[in-house]
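The structure appears below as structure tokens.
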There are 2 protein chains.
Amino acid sequence: MGVFPFATSLEVTVARPRAVPRRVENPGPEEYSLQGVLEALADPVRRTLVAQLSRADEDMRCGTFDVRVSASTLTHHFTVLREAGVIRQYYVGTSKMNALRDADMEARFPGLLQALLAAEERERDAVVAPAR
Amino acid sequence: MGVFPFATSLEVTVARPRAVPRRVENPGPEEYSLQGVLEALADPVRRTLVAQLSRADEDMRCGTFDVRVSASTLTHHFTVLREAGVIRQYYVGTSKMNALRDADMEARFPGLLQALLAAEERERDAVVAPAR
DNA sequence: AGGGTTGTTCGATCGGGGTCGTACGATGGG
DNA sequence: CCCATCGTACGACCCCGATCGAACAACCCT
């Protein structure tokens, strides 16, 4: 892909070129499938990502997730989640933000994500809080 | 669910000694995990099996499922579903019956199986009944 | 400008799982 | 008894996906 054809004289001796923020192609609700969602959520790493995102209750940067895989692997997992429609991604400067698309999921697969997250949390609690 | 209660005293005076019916080891509810269930249901073939079982609303013999895989592959899929706790299997003569463990699933992962089956049915309907 | 932070891309590896065919075992009916 | 039916066991194949390291690219800040 070509770089920028310097748009003539336009801008700008500004220190901040700013330009157009990098765009991420997030699929529309009509593009994802149950198969894709289940494949995405069948992986334990991706499930922890989603769980952390849900627990945080706000969008999270890629780097702030607590998971023990390499950066490149992490990128892969986020891509899978995004293409499945589970999360939405967008750039903020050099950071990439991740948002849980829980409303879209709920609309398309009612109850599924909620049940899944609830189950995930219950298993997590069982581990965190040992049998007494 | 369980069609026959197997009330022990059944012992018919059949000509055939009958012996002990072949036993199948079905895991207890404490043995299965969310991971196992999701892995099991992430496969499209297994999901159709479960969907057919749910739709039939009664236990089904292995051979009566409508799926285009070989017999040995089918055995494999049923094994995965059973070990995940999604179905229960038991022998009846030379046939093997399959029962959906929806109550156990509901107890352990509330709403999950139902949401999944509902989503599966909706996608199926969308295919069967084309866009008008 | 640099430089550091953040994330991506690419290629390689490697293990797991879905698939099948064939041979086998168990059961029930003639 | 023998045979047809139903499902299993085993090995082979093969593709896909999770993983990593290294090199690169975009951005922000000083």
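Values computed for the structure shown
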item: Of all residues in segment B:34-43 being more than 7 Å from chain A (Cβ to nearest Cβ) and under 11 Å from residue B:86 (Cα atoms), the one that is most open to solvent (accessible area, probe 1.4 Å); result: B:36
item: Single unsatisfied condition, residue B:91 versus (1) assigned to a helix (DSSP H, G or I); (2) surrounded by fewer than 13 Cβ atoms within 10 Å (Cβ to Cβ); (3) more than 14 Å from chain A (Cβ to nearest Cβ); result: (1)
item: Residue among A:61, A:88, A:46 that alone is within 15 Å of DNA strand C (Cβ to nearest atom) and touching a Ser or Thr at 6+ places or on another chain (Cβ under 6 Å); result: A:61
item: Qualifying residue in segment B:112-123 (condition: without any contact (Cβ under 8 Å) to a residue 40 or more places away in the chain, touching a helix residue (DSSP H, G or I) at 6+ places or on another chain (Cβ under 8 Å) and in a loop (DSSP other than H, G, I, E, B)); result: no
item: Scan of segment A:44-72 for residues that are touching a residue at least 24 places away in the same chain (Cβ under 8 Å), in a helix (DSSP H, G or I), away from chain B (no Cβ under 14 Å) and within 14 Å of DNA strand D (Cβ to nearest atom), ordered by number; result: A:49, A:62, A:63
item: Condition check for residue B:100: within 12 Å of DNA strand D (Cβ to nearest atom) and either without any contact (Cβ under 8 Å) to a residue 12 or more places away in the chain or open to solvent by less than 80 Å² (accessible area, probe 1.4 Å) (or both); result: no
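The values are calculated or read from the model by the stated rules, or taken from the named source; none is laboratory data. Just so it is clear, the model here is predicted, and its values are computed rather than measured. Every residue, glycine among them, receives a Cβ derived from its backbone with ideal geometry; neighbour counts consider all protein chains shown. Surface areas here come from the heavy atoms of the whole protein model, side chains and all, with no ligands, DNA or RNA. Shrake-Rupley method; radii C 1.70, N 1.55, O 1.52, S 1.80 Å.
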